[in-house]
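The values are calculated or read from the model by the stated rules, or taken from the named source; none is laboratory data. Only a predicted model underlies this, so the values are computations on that prediction, with no experimental measurement involved. All Cβ positions, glycine included, derive from the backbone under ideal geometry; neighbour counts span all protein chains shown.
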Amino acid sequence: MARSYGNTYAQLKPAKLPKTCLTAIGRLVRACAEIEDLVDLCIATLAEISETKATILIGRTAVTRRIEIAEQLASIRTDKALAVRKGAFNEQYYDIIDCRNAVAHGTLLGKDSNGNFAFPTASTAKPQDQKAMRYVFGYTAEQIIKFAERAE
């Protein structure tokens, strides 16, 4: 799903997420955790070490960095490991992770006039006029449900 960016401030109204959306958020968070476990298993396999040793080495490394580690390990092999990685962890995957991060770590700010639920991200824009603006992602309930389905 392509992101849209506006050059005007959104007028947000108080909102509550519907139960179907809350359920989808739970599914999304769980599915992303399973994907992260698969990345860890991939690293262990590619490095030819036990899952226990990989867990100790990786610790709480961000999933994007773990994917980079898996890619580097795959690149020194002669099989199709790198091609599989590039097929699985594409732009759609990172859109899923962006949504998961927004709904799992962001506070629901409200709903805009287009029906998007607004969640702040950890990213900020370049400060201007002594203000640092935070980026906000907006998702409809249907989009969150779709991301959960894709992640699963």
For the range 104-130, give me each residue that is among the aliphatic types (A, V, I, L, M), in a loop (DSSP other than H, G, I, E, B) and crowded, with 16+ Cβ neighbours inside 10 Å.
Leu108, Leu109
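Could we say that Leu57 is assigned to a helix (DSSP H, G or I), touching a Leu at 6+ places or on another chain (Cβ under 6 Å) and at pLDDT below 95 here?
Details: assigned to a helix (DSSP H, G or I): yes; touching a Leu at 6+ places or on another chain (Cβ under 6 Å): no; at pLDDT below 95: yes.
When the stated conditions are applied, Leu57 does not pass them.
Is it true that Ile43 is in contact (Cβ under 8 Å) with a residue 40 or more places away in the chain, surrounded by 14 or more Cβ atoms within 10 Å (Cβ to Cβ) and in a helix (DSSP H, G or I)?
For Ile43, the condition - in contact (Cβ under 8 Å) with a residue 40 or more places away in the chain, surrounded by 14 or more Cβ atoms within 10 Å (Cβ to Cβ) and in a helix (DSSP H, G or I) - is not met.
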Please list, ordered by first then second residue, the pairs with beta carbon atoms under 7 Å, 6 or more apart or interchain, first in the range 122-138 and under 24 Å from Asp112 (Cα atoms), second among the acidic types (Asp, Glu) and surrounded by 10 or more Cβ atoms within 10 Å (Cβ to Cβ).
Phe137/Asp98; Gly138/Asp112
Do we find a residue being more than 30 Å from Leu17 (Cα to Cα) and of a type outside the set (A, V, I, L, M, F, W, C) anywhere in the range 130-146?
yes
Being free of Cβ contacts under 8 Å to residues at least 60 places away in the same chain, of a type outside the set (Gly, Ala, Ser), outside any helix (DSSP H, G or I) and in contact with a Leu (Cβ under 9 Å, 6 or more places away or on another chain), is that true of even one residue in the range 69-78?
yes
